[in-house]
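Reviewing the structure listed below.
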Amino acid sequence: MTTNRKIQNSGFYKEPGPKLSSESPFESMMERFRFAADILGLDKGLFKYLSSPVKQVIVSIPIVMDNGSIEVFEGYRVIHDNVLGPSKGGIRYSPDVNIEEVKALAAWMTWKCAVVNVPFGGAKGGIRCNPKELSLAELERLTRRYTANLLDVFGPDQDIPAPDMNTNEQVMAWIMDTYSMNVQRTETAVVTGKPIILGGSQGRKEATGRGVVTVTLSALNKIGLLPNKVTVAVQGFGNVGSVSAQLMYEQGSTVIAISDISGGYYRKEGIDIPAAMAYTKENGSLEGFPDADPITNEELLELECDVLIPAAKEDQISKHNAHKIKAKIISEGANGPVTANADLILEQNGIMVIPDILANAGGVTVSYFEWVQDRQGYFWTEERVNRRLNRLMKNAFDNVYNVSTHYNITLRQAAYVYSIDRVATTLKMRGIYA
Ligand code: GLU
């Protein structure tokens, strides 16, 4: 049955509290949470439960720098919930990471895991530091001390970190080793995104980009466009952006623009993505990439194209530029690239947005596969990983799409409705322990 109604936020779930900027990541997340709670008629108590993280830890991390001086950094780990299973989520190293941001991102992970039906709760962590200013040895000491400070939080059945902004396989290897040394056994399943030789999974590195492309293809199919007939613009050429661009290119799409911190690169006839991949491998960035016209990152977003994949960072499409977006589909490779204020403008302009919690859930999906493989001590081929990833992502897209047509709401609203319903139903069945 299609109810075919538009639901306005009734305000029932508004809690008095500090006034946050309506474009802050936490407020954007809450805005969407409230909307979904309204549609579901979520019990007020359950709403309260799911609005507040179960655990927030702030640690100070002293390390000896290479020059012998002592420096102290601040580290965070927030567990938003562990209703569906152990909590899961990445760790980011960045100069401006803070507890509010980590809280929002932890909640995001809860909805993300629920949307793809993996049995994890949501968490996120971070260290406030500038990794570019640290030597490899300092980064190692920082990572190990952070892990040691959180030994009672992390655990394969408790809370499982993964890479995020500015953290990589090497950082995950140090976390795994530090944890293992302390529990006096090799515990590979305590962290995902590890190097393959240390119990990592085939296909984990490419998983987020691969998932972005799977859901983008499903969306194209829904609006009757063929992948080999469409134009694509990709913002960001890191792990997610470059793999998304490469896989769309392999589908026969014309990738007209790509970008990184050095700026954007545009070619109407299509960019040779394998050449761009080889160029960044050799030069470290796209700076000076030949055979394309330079444009800015902002101009890239506003290009005439069928698919726009923002895969760089949050808050790229806001109320300031949303009305200038011409793409038919936006597939959110990054977390939070579209602000809550921009959602309405994009909806009014008929742009289909595949929300981050669905579009970029391929990463955590293969993290789940990695955790399963570690616990079994039996490792899958890349072909099996990719096949299972595609199946989960396709199913997740279809589930969200069906909710969106049932309630006549956007895919973002539907993704929240679907995942909040799943977590709330589980929570109701488990009950509150007292
Ligand atoms: N940091 C990634 C994300 O935001 C991956 C999390 C994970 O694999 O646990 O989805």
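The values are calculated or read from the model by the stated rules, or taken from the named source; none is laboratory data. Note that the structure is a prediction, hence the values are computed from the model and not measured. No Cβ is skipped: glycine too gets one built from the backbone with ideal geometry, and neighbour counts run over all protein chains shown.
Considering A327, A322, A359, which residue is under 18 Å from the mean Cα position of the chain (by Cα) and under 30 Å from V400 (Cβ atoms)?
Numbers: A327 fails: under 18 Å from the mean Cα position of the chain (by Cα); A322 fails: under 18 Å from the mean Cα position of the chain (by Cα).
The unique qualifying residue is A359.
Sort through E140, E100 and tell me the only one that's free of Cβ contacts under 8 Å to residues at least 40 places away in the same chain and surrounded by fewer than 20 Cβ atoms within 10 Å (Cβ to Cβ). Please lay out each step first, then the result.
Details: E100 fails: free of Cβ contacts under 8 Å to residues at least 40 places away in the same chain.
Exactly one of E140, E100 is free of Cβ contacts under 8 Å to residues at least 40 places away in the same chain and surrounded by fewer than 20 Cβ atoms within 10 Å (Cβ to Cβ), namely E140.
Which one of these is closer than 23 Å to A312 by Cα, more than 17 Å from the chain's Cα centre (by Cα) and surrounded by fewer than 21 Cβ atoms within 10 Å (Cβ to Cβ): Q158, Q184, Q170? Can you show your working first?
Working: Q158 fails: closer than 23 Å to A312 by Cα; Q184 fails: closer than 23 Å to A312 by Cα.
Step by step, each of Q158, Q184, Q170 is checked, and only Q170 is closer than 23 Å to A312 by Cα, more than 17 Å from the chain's Cα centre (by Cα) and surrounded by fewer than 21 Cβ atoms within 10 Å (Cβ to Cβ).
Out of the residues in segment 309-349 that are assigned to a helix (DSSP H, G or I) and not hydrophobic (A, V, I, L, M, F, W, C), state the one that is nearest to the ligand (Cβ to nearest atom).
Our first condition is that a residue be assigned to a helix (DSSP H, G or I); within segment 309-349, this holds for 322-324, 340-348.
Cutting the leftovers down to not hydrophobic (A, V, I, L, M, F, W, C) gives us 323-324, 341, 343, 347-348.
Working: H323: 28, K324: 28, N341: 22, D343: 20, E347: 24, Q348: 29 Å.
Selected residue: D343.
Could you please tell me which pairs satisfy a Cβ distance under 9 Å, a separation of 6+ or placement on different chains, a first residue in segment 365-386 that is on the phi > 0 side of the Ramachandran plot, and a second residue that is away from the ligand (no atom under 13 Å from the Cβ)?
Listed pairs, sorted by first residue: G377/T188; G377/G199.
N67: out of contact with any Phe, Trp or Tyr (no Cβ under 6 Å at 6 or more places or on another chain), loosely packed, with under 12 Cβ neighbours inside 10 Å and at pLDDT 95 or above, yes or no?
Details: out of contact with any Phe, Trp or Tyr (no Cβ under 6 Å at 6 or more places or on another chain): yes; loosely packed, with under 12 Cβ neighbours inside 10 Å: yes; at pLDDT 95 or above: yes.
Here the answer is yes, as N67 does meet what is asked.
Could you list all residues from segment 145-155 that are surrounded by 18 or more Cβ atoms within 10 Å (Cβ to Cβ) and either closer than 20 Å to I196 by Cα or touching an Asp or Glu at 6+ places or on another chain (Cβ under 7 Å) (or both)?
V153 - this is the single residue of segment 145-155 that is surrounded by 18 or more Cβ atoms within 10 Å (Cβ to Cβ) and either closer than 20 Å to I196 by Cα or touching an Asp or Glu at 6+ places or on another chain (Cβ under 7 Å) (or both).
Residue by residue through segment 248-264, note down the ones that are part of a helix (DSSP H, G or I) and buried (at least 24 other Cβ atoms within 10 Å of the Cβ). Before the answer, list the steps.
Taking segment 248-264 as the starting set, the residues that turn out to be part of a helix (DSSP H, G or I) are 248-250.
Selection gives M248 alone.
When you look at S87, is it over 15 Å from K112 (Cβ atoms) and within 22 Å of the chain's Cα centre (by Cα), yes or no?
Numbers: over 15 Å from K112 (Cβ atoms): no; within 22 Å of the chain's Cα centre (by Cα): yes.
Taking the combined requirement at face value, the residue does not satisfy it.
I'd like to know if segment 370-384 contains one or more residues that are away from the ligand (no atom under 16 Å from the Cβ), at pLDDT 95 or above and either crowded, with 24+ Cβ neighbours inside 10 Å or within 30 Å of A322 (Cα to Cα) (or both).
Step one: filter segment 370-384 for residues away from the ligand (no atom under 16 Å from the Cβ), giving 376-384.
Next cut, at pLDDT 95 or above only: 376-384.
Those left that are additionally either crowded, with 24+ Cβ neighbours inside 10 Å or within 30 Å of A322 (Cα to Cα) (or both): none.
Checking segment 370-384: not a single residue is away from the ligand (no atom under 16 Å from the Cβ), at pLDDT 95 or above and either crowded, with 24+ Cβ neighbours inside 10 Å or within 30 Å of A322 (Cα to Cα) (or both).
Looking only at residues in segment 236-247 that are within 14 Å of A276 (Cα to Cα) and out of contact with any Lys or Arg (no Cβ under 9 Å at 6 or more places or on another chain), which one is surrounded by the most Cβ atoms within 10 Å (Cβ to Cβ)? Steps first, please.
Filtering segment 236-247 down to residues within 14 Å of A276 (Cα to Cα) leaves 236-239, 241-247.
Okay, now just the ones that are also out of contact with any Lys or Arg (no Cβ under 9 Å at 6 or more places or on another chain), so 237-238, 241-242, 245-246.
Details: F237: 28, G238: 18, G241: 24, S242: 23, A245: 30, Q246: 20.
Per the criteria, the residue is A245.
Would it be correct to say that G155 is within 13 Å of the ligand (Cβ to nearest atom) and modelled with pLDDT of 95 or more? Break it down into steps so the answer makes sense when it comes.
Values: within 13 Å of the ligand (Cβ to nearest atom): no; modelled with pLDDT of 95 or more: yes.
Criteria not met by G155.
Checking the condition within 11 Å of the ligand (Cβ to nearest atom) and either touching a residue at least 60 places away in the same chain (Cβ under 8 Å) or touching a helix residue (DSSP H, G or I) at 6+ places or on another chain (Cβ under 9 Å) (or both), which residue from M172, M176 passes?
Numbers: M176 fails: within 11 Å of the ligand (Cβ to nearest atom).
Being within 11 Å of the ligand (Cβ to nearest atom) and either touching a residue at least 60 places away in the same chain (Cβ under 8 Å) or touching a helix residue (DSSP H, G or I) at 6+ places or on another chain (Cβ under 9 Å) (or both) holds for just one of M172, M176, which is M172.
Residues of segment 292-308 being part of a strand (DSSP E or B) and over 29 Å from S218 (Cα atoms), which ones? Before you say what the answer is, go through the steps one by one.
Filtering segment 292-308 down to residues part of a strand (DSSP E or B) leaves 293-295, 307-308.
Passing the criteria: D293, P294, I295.
Please name all residue pairs, on different chains or six or more residues apart, with Cβ atoms under 6 Å, provided the first residue is in segment 42-67 and is within 18 Å of A107 (Cβ to Cβ) and the second residue is in a helix (DSSP H, G or I) and of a type outside the set (A, V, I, L, M).
From residues that are within 18 Å of A107 (Cβ to Cβ), the pairs are P53/K103.
If a residue has to be over 23 Å from R388 (Cβ atoms) and either within 12 Å of the ligand (Cβ to nearest atom) or touching a Cys at 6+ places or on another chain (Cβ under 9 Å) (or both) to count, how many in segment 79-103 make the cut?
Quick first cut of segment 79-103, residues over 23 Å from R388 (Cβ atoms) only: 79-83, 91-103.
Add one more test, that the residue is either within 12 Å of the ligand (Cβ to nearest atom) or touching a Cys at 6+ places or on another chain (Cβ under 9 Å) (or both), and what stays is 91-95, 97, 102.
So the count comes out to 7.
Residues to consider are S242, S259; find the one that is over 25 Å from Y401 (Cα atoms) and touching a Leu at 6+ places or on another chain (Cβ under 8 Å). Reasoning before the result, please.
Details: S242 fails: touching a Leu at 6+ places or on another chain (Cβ under 8 Å).
Selected residue: S259, the only one of S242, S259 that is over 25 Å from Y401 (Cα atoms) and touching a Leu at 6+ places or on another chain (Cβ under 8 Å).
Looking only at segment 281-291, decide whether some residue is buried (at least 16 other Cβ atoms within 10 Å of the Cβ), of a type outside the set (A, V, I, L, M, F, W, C) and outside any helix (DSSP H, G or I). Talk me through it step by step, then tell me what you get.
Initial filter on segment 281-291 (buried (at least 16 other Cβ atoms within 10 Å of the Cβ)): 286, 289.
Narrowing the set further to residues that are of a type outside the set (A, V, I, L, M, F, W, C) leaves none.
No, segment 281-291 has no match at all.
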